[in-house]
Amino acid sequence: MQAQDQSGLFVSFVALAIVAILLFLYIYQCALIVNSQYSISKLKQTQAALLRERAQLQLDVHNLASYERIEKIAKIKWGMGQPLGRVVIDYSQPLAGSSCNIMLAQKP
């Protein structure tokens, strides 16, 4: 009888070990899932912040490259005005000591 009790005890111990291992694997799997969800959440927040920054930068580029702004800076900061006529640059026959001829043509 004692051999039967020992074999029953061994089977119970093996079954308990299997249940413990399965329980550990289940808890480990759940921990991995929670960790992955946390990482995904952080990445989505980062993505949203980067998209907002991109939109702001595109708006800045649009505003900084506007012709109105460039014209205003040219007039106020550099004292430039509207040209008196068209400027024609002729590279075919440069004057002596020059790489090109610049002529001012009258507006039609």
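Values in this text are rule-based calculations from the coordinates and carry no lab data. Nothing here was measured: the structure is a model prediction, and the numbers come from that model. Here Cβ is always computed from backbone atoms with ideal geometry, including for glycine, and neighbour counts include all displayed protein chains.
Laid out as a table, the results:
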quantity: Gain upon complete extension [Ala65, Asn35; 0.36 nm per residue less C-alpha separation]; calculated: 6.3 nm
quantity: Gyration tensor (alpha-carbon) shape descriptor, segment 2-65, a/c threshold 1.5; calculated: prolate
quantity: Proximal charge balance of Lys77 [Cβ under 15 Å; K/R count +1, D/E count -1]; calculated: +1
